[in-house]
Amino acid sequence: MRRVLLAAALALLLLAALGVQSWRLSNAHHTINTQQTAIADQGKKLSQKNGQLIALNILTQTNSQAQTQLYAAAEQNSRLLRDRQRTIEELKRENEDLRRWADSPLPDPVVRLRQRSALAGGESYREWLSQNHPLPAGPGSAAK
């Protein structure tokens, strides 16, 4: 009988150990599943961030190329302006009539053509262009 009780106790102890081990394996399996889900979510987030970085890199390269083109255009415009100013100065040195004309003030009607209110950006310039702007009345002009 002792042997039976001892065998029963051993069997019970073995069943308890198997139960504890089964519970630990179940918890480990649950932890592994949770971590796999978290890793998959992190992988998705990482893929999204990678896509954003690629798009940002493309945008940066595009902006850099555009900036380089703008600098080249500005340099070319500066060179053309210097050439034009040099040509004007050469012509003024060569021609006395041209020098007198270039040094004289603009006539009043021409000055009035260039008068306008201060513009604050492209939108206000477009608005100013779309409006009817009669020439300001000059001295000696009669209103109709």
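Each Lys and Arg Cβ is given +1 and each Asp and Glu Cβ -1; about its Cα centre, the chain then shows a dipole of about 920 debye. Please give every one of the aspartates and glutamates within straight-line cross-link reach of LYS92, meaning a C-alpha to C-alpha distance under 13 Å, and leave out same-chain neighbours fewer than 8 residues apart. Partners found: ASP103. On the basis of the beta-carbon distance and an R0 of 35 Å, ALA66 and ASN132 show a calculated FRET efficiency of 0.45. Taking 0.36 nm per residue of separation and subtracting the Cα-Cα distance, full extension of the segment from THR31 to LYS92 would add 13.0 nm. For ASN57 and LEU5, the difference between the fully extended length at 0.36 nm per residue and the C-alpha to C-alpha distance is 11.1 nm. Fully extending the segment from LEU12 to GLN48, taken as 0.36 nm per residue of separation minus the present Cα-Cα distance, adds 7.6 nm. With the charge dipole of segment 7-106 set up from +1 on Lys and Arg Cβ and -1 on Asp and Glu Cβ about the Cα centre, the Cα lying farthest toward the positive end among the listed residues SER78, ALA7, ASN57 is that of ALA7.
Using a Cα-Cα cut-off of under 19 Å, which aspartates and glutamates could be cross-linked to LYS44, ignoring same-chain neighbours fewer than 8 residues away? The reachable aspartates and glutamates, counting only those whose Cα sits under 19 Å from LYS44, number zero. Set the Förster radius R0 to 25 Å, insert the Cβ-Cβ distance between VAL110 and ALA73 as r into 1/(1 + (r/R0)^6), and round the FRET efficiency to 0.05. Efficiency for this residue pair is about 0.25. Among the DSSP helices (H) of the chain, those spanning at least 30 angstrom by Cα along their long axis with an average Kyte-Doolittle hydropathy of -1.0 or more are 2-94; this is a geometric and hydropathy rule only.
Read-outs throughout are calculated quantities, based only on the coordinates presented, and are distinct from any laboratory measurement. Since the structure is predicted, the reported quantities are computational estimates derived from the model, not experimental observations. As a convention, Cβ positions derive from the backbone with ideal geometry for all residues, glycine included, and neighbour counts pool all protein chains shown.
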